[in-house]
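Comments concern the structure below.
The values are calculated or read from the model by the stated rules, or taken from the named source; none is laboratory data. What you are looking at is a predicted structure, and each value in this text was computed from that prediction instead of being measured. Glycine gets a Cβ as well: all are built from the backbone with ideal geometry, and neighbour counts include every protein chain shown.
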Amino acid sequence: MGAQSEPMLIHPQIDPVALQLGPIAVHWYGLTYLAAFGLFYFLATRRLTHLPYARLSHWQVRDVEDILFAGVLGVVLGGRIGYCLFYQPAYYFSHPLEIAYVWQGGMSFHGGLLGVMAAMVWFAQTRHRPFFQVMDFVAPCVPTGLAAGRIGNFINGELWGRQADPELPWGMIFRGAGDFPRHPSQLYQFLLEGLLLFAVLWFFARKDRPIGQVSAVFLMGYGIFRFVAEFFREPDAHLGLLSLGLSMGQWLCVPMILAGVFLYFAVNKPSRL
């Protein structure tokens with residue numbers, strides 16, 4: 001008699017609508033965005049008490065509120081435009097009005113990062129502060145928001161992982177992805193790009209650092225963790241794997257890592273903010 005196969009995990013079918021209020025549907029994914037923004041506000045206000053910001057009387061809670069408002073616009077606009085340009089440019093050039101159809105899904109972290117950077121350029125210029133001082137302040141508060149977004153991906157059963165070894169204890173069958181177990185890569189990214197990156201940045205940024213060094217660690221950390229996680233994530237069906245067997249997500253991480261390394265060593269003289 002053959003060995004009995006181990007039962008495999010099946011992704012729980014969770015209704016994407018968390019709350020229905022008449023004609024208004026509140027989706028879980030939208031709630032994860034609210035959680036991300038709430039976590040950012042909470043952590044950023046805590047950052048005001050950290051070195052070297054405790055010495056900066058001109059940093060106030062109102063600045064956190066303004067940064068959050070600008071950052072939300074940057075995330076949404078940059079994330080959507082980045083997805084359209086990086087992942088499906090031909091389609092959206094042919095259907096430009098659908099760029100605004102954010103409810104159909106399709107957001108890019110790398111596009112969102114560029115959008116946030118543009119928003120922080122605006123904030124830095126209007127407040128007459130160094131750009132990297134602002135980015136260093138913001139960076140440690142970002143990963144928990146990324147973690148919340150990955151939980152939203154998992155709830156929706158989207159962005160699943162590559163096919164896993166049937167013996168993998170946490171291999172999971174996702175509806176619409178075949179009858180074989182896959183890596184729950186959303187949870188890998190939750191742990192790596194979310195919790196682990198947050199821990200690294202939060203403790204690194206507690207000490208006085210040269211301007212730009214915290215930003216550099218963010219770029220390197222996210223780039224490396226995302227690059228690793230992409231080995232377990234199913235590449236986009238319309239793109240597949242690109243040159244050298246890497247996914248689009250991995251190729252977009254390469255300039256992030258290189259920029260982080262360059263910035264880290266370029267700001268080699270301690271500088272008081």
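Annotations for the structure displayed:
- The selection criterion, being more than 21 Å from PHE137 (Cβ to Cβ) and among the acidic types (Asp, Glu), does not hold for GLU193.
- Cross-chain or 6+ apart pairs with Cβ under 7 Å, segment 111-132 first and farther than 17 Å from LEU219 by Cβ and free of Cβ contacts under 8 Å to residues at least 24 places away in the same chain, then part of a helix (DSSP H, G or I) and of a type in the set (Phe, Trp, Tyr): ALA124/PHE131
- Odd one out for ARG209, checked against (1) within 23 Å of GLY106 (Cα to Cα); (2) at pLDDT below 95: (1)
- LEU114 surrounded by 22 or more Cβ atoms within 10 Å (Cβ to Cβ) and among the aliphatic types (A, V, I, L, M): no
- In segment 119-135, the count of residues that are charged (D, E, K, R), surrounded by fewer than 19 Cβ atoms within 10 Å (Cβ to Cβ) and more than 30 Å from PHE232 (Cα to Cα) is one or more.
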